[in-house]
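Below: one structure, written as structure tokens.
The values are calculated or read from the model by the stated rules, or taken from the named source; none is laboratory data. Owing to the predicted nature of the structure, the values given are computational and were not obtained by experimental measurement. With ideal geometry, Cβ positions are generated from the backbone for all residues, glycine too; neighbour counts draw on all protein chains shown. When the accessible area is computed, the model is the full protein with side chains, heavy atoms only, and any ligands, DNA or RNA have been set aside. Shrake-Rupley method; radii C 1.70, N 1.55, O 1.52, S 1.80 Å.
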Amino acid sequence: LMVTGRDTIRRITPDTLLSARHRRRGQPFHPEPIALRRLKRIEHASRDVLLDPVALEALIGELGLNDHYSDYMPMALHPQLGKGLRISQYPNQFAPYLASLVDREIPSYVEIGVQHGGTFATTVTYLRTTGHPLARALAVDTLQSYGAERFARQSRGVDFFRGDSHSREFATLAETIVPGALVMIDGDHSYEACRADVALADNLGAAVVVLHDIVSARDQDVVAVWQQIRESLDDRYEFCEFTAQYRDVQTRHPGVYLGIGVAIRR
């Protein structure tokens, strides 16, 4: 088998950069599909593992992580970058966040901004495996997400909407699923777009509104939105944050990154 220089570049370059390059050239982009079969590891895990943030953190690392900004991932997790489900989360933030949902009965889930679809598929599978009455789930992205689309095709009550979360078409769709839902916002990270997504979820009666990148040094607009809603919506929501960091990342890049903020309607 001959391996070309182009093949080597393709293997070591994050999908996000390749995708941008292909869009500039007007070419279709077909990233490697995420390995949905790894979801079986959630389905087959014991309830004790799924509800223990430490054990769940280890499991999430095994599911495979996104290689976007790989230098901001801890070295211990590098063997799983660009593999499996390509989850766009820090496991030490994502695991306690998921475990914190155990006492809530979540009937529907919406994720705005899904990229490869790994975080979305993991969340839906986790919620259903741990007994939530999840009847509907919706993935939303302006770009094609082969992982989210394939997961939707093989899962009951799951859909993928390719389009803008600020469009009239999405607003109409959201009216049927957002009331009472868990809504994860990780799409357009500009202040205006993120604030609009929060306003939509709030106005339609989402039970839990979640923002990703609430402490990220790379996403100051999202940080600002999170701080603003903590101040302006504290009469309607209770708040909690999952912002644990990895020491070796901070040694290489002083600062804090990612972060999950949860607003729970009172």
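Here are a few things to note about the model shown:
- In the chain, helical runs assigned H by DSSP with n ≥ 4 each contribute -39500 (n - 2.57); averaged across all residues and rounded to the nearest 500, the mean residue ellipticity at 222 nm is -11000 deg cm²/dmol.
- Set of the range 163-194 residues, backbone N closer than 20 Å to the point 7 Å along the Cα-Cβ line of TYR69: 184-194
- Per-residue HN-Hα couplings for the range 42-59 [Karplus 6.51, -1.76, 1.60; θ = phi - 60°; Hz; x = Gly/Pro]: 6, 4, 9, 6, 6, 4, 4, 5, 5, 9, 9, x, 5, 5, 5, 4, 5, 5
- Top of PRO133, PRO254, PRO96 by mean-square fluctuation, Gaussian network on the chain, Cα under 10 Å: PRO254
- Of the residues MET75, TYR90, ILE185, the one whose Cα sits farthest towards the positive end of the charge dipole of the chain is MET75 (charges of +1 on Lys and Arg Cβ, -1 on Asp and Glu Cβ, taken about the Cα centre).
- Per residue accessible area in Å² of the chain, where ligands, DNA and RNA are left out and the probe is 1.4 Å: 48 Å²
- Residues with amide H under 5 Å from that of VAL114, placed H, sequence gap 5 or more: VAL140
- Gaussian network model of the chain, springs between alpha carbon atoms under 10 Å - residue of LEU204, LEU56, LEU81 with greatest fluctuation: LEU204
- Amide H contacts under 5 Å for TYR237: ARG266, restricted to partners 5 or more places along the chain or on a different chain, H placed in the peptide plane at 1.01 Å from N.
- J(HN,Hα) series, the range 105-117, from Karplus relation 6.51 cos²θ - 1.76 cosθ + 1.60, nearest Hz, glycine and proline x: 9, 9, x, 7, 9, 10, 10, 9, x, 10, 6, 6, x
- Backbone amide hydrogens, once placed in the peptide plane, bring LEU81 within less than 5 Å of LEU65, excluding anything fewer than 5 places away on its chain.
- Mean separation of Cα contacts under 8 Å, 6 or more apart, over the residue count of the range 73-196: relative contact order %: 27 percent
- Element breakdown for the chain at a 1.4 angstrom probe: carbon and sulfur atoms account for 51% of the accessible area.
- Counting only alpha carbon atoms, the long axis of helix 220-232 and the longest principal axis of the chain meet at about 10°.
- Extension gain for SER167 to THR251 (0.36 nm times residue separation, less C-alpha to C-alpha distance): 26.1 nm.
- Most mobile of GLN228, GLN144, GLN80 in a GNM of the chain (Cα contacts under 10 Å): GLN228
- 0 to 90° range, to nearest 10: angle between helix 118-129 axis and the chain longest Cα axis: 50 degrees
- Angle in degrees between helix 191-203 and the longest Cα principal axis of the chain, rounded to the nearest 10: 40 degrees
- Shape category assigned to the chain from the gyration tensor of Cα positions, a/c cut at 1.5: rounded
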